[in-house]
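Nothing in this text is a laboratory measurement; each read-out follows from the coordinates by a stated rule. This one's a predicted model, so the numbers in the text were calculated from it and none came from an experiment. Positions of Cβ are backbone-derived with ideal geometry, glycine not excepted, and every protein chain shown enters the neighbour counts.
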Amino acid sequence: MKWARGFGAVRRAGVECTGSFGAALARHLATVDIDVFEVNQPDKANRRRRGKNDAIDAESAARSVLNGQASALAKGGQGPVEMVRMFKVAKTSALKSRTQAINQLKAVLVSADPMLRDELRDLRTAKLVQRCIAWTPTTPTDSATAARYTLRLLACRIDRLSQEIADLNAQIAAVLADHNPAMLNTYGVGPDTAATLLIAAGDNPERLRSEASFAALCGVSPVEASSGRTQRHRLNRGGDRQANSALRSIVLVRLRWDQRTRDYIDRRVREGKTKREAVRCLKRYIARELYRIITAPDPQATSAHRAA
């Protein structure tokens with residue numbers, strides 16, 4: 001973590017890692033009315049020539065703020081979006097742990113006693129977990145009882161993680177409903193996708209200068225790849241990939257249920273675009289729609305759009 005204060009009429013500071021190690025410093029600077037800018041790591045070529053120490057890194061951070069290279073304001077980290085981000089972190093780890101426990105349970109079942117395996121073979125995962133939980137706890141004395149003991153232990157872990165995930169889902173939905181209900185009322189947007197996009201924008205979405213900057217943040221802005229007389233654009237592989245995935249989920253929902261979206265894709269395909277290119281265009285338009293809701297939520301306008 002490095003930081004440096006810029007000088008001028010407006011008090012500015014550049015801070016590295018404002019979302020992790022520099023978060024506390026960025027919040028402190030914001031409380032004393034200093035504009036905090038996110039600073040990237042120093043240029044590698046310059047670092048090889050000059051070496052690395054705290055003074056050199058601080059100077060590089062200050063120069064990047066003063067010359068305008070560091071132009072992105074740091075995210076705010078003390079509002080409802082930060083609450084959602086922490087809930088999402090816990091939920092993601094719980095989902096991974098539950099998947100791991102389910103895989104382990106089924107792996108133990110594969111090598112278990114044939115009679116036990118036949119008893120549980122045709123049960124789906126939810127019923128399998130409940131059946132194992134219902135067993136009476138016993139002390140393992142051989143491989144067969146050890147298998148039952150392990151299966152029950154893993155099933156209890158899966159059930160506990162499922163309850164934890166359900167609680168986190170409820171917490172996320174409650175914060176979103178209070179902070180930005182218009183997002184949840186947008187067609188194709190659920191709590192998970194809404195949370196991901198709000199986290200990408202941060203607690204201070206006004207730092208995004210335009211809907212184009214939000215599209216670039218989500219990795220759906222077209223990148224020019226022209227040469228000579230050939231004018232073309234390529235896929236943007238930058239930006240927040242989780243936000244990009246959230247936009248794709250919204251597109252898939254609308255393609256499945258929204259006739260207007262299917263008509264749009266068909267029209268762009270008739271114009272000569274591939275389906276993948278048409279989906280990219282659609283993600284860009286959805287980013288524009290959601291940018292307006294994130295920066296200036298209007299539940300009535302969103303409801304009217306959904307009903308149209």
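First select every other residue whose beta carbon is under 14 angstrom from the beta carbon of K96; then total the charges, Lys and Arg +1, Asp and Glu -1.
Values: positive: K88, K91, R98, R157; negative: E164.
Net of charged neighbours comes to +3.
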Taking 0.36 nm per residue of separation and subtracting the Cα-Cα distance, what length does fully extending D178 through A166 add? 2.5 nm
State which entries of K96/K127; K96/K283; K88/K127; K127/K275 exceed 32 angstrom in Cα-Cα distance in the structure shown. K127/K275
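Rank these for me by crowding, E119, E82, E271, going from fewest to most other beta carbons within 10 Å. Provide the component values of the computation, followed by the final result.
Working: E119 13, E82 18, E271 9.
Ascending number of Cβ neighbours within 10 Å: E271, E119, E82.
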Charge sum, other residues only, whose C-beta stays under 10 Å from R254's C-beta, Lys/Arg counted +1 and Asp/Glu -1: +2
One finds, for S97 and F21 with R0 = 30 angstrom and r their Cβ-Cβ distance, a FRET efficiency to the nearest 0.05 of 0.70
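As a test of understanding, state the convex hull volume per residue of the range 80-179 from its alpha carbons, in Å³.
On the way: hull volume 9.4 nm³, N = 100.
Looking at the range 80-179, the number lands at 94 Å³ per residue.
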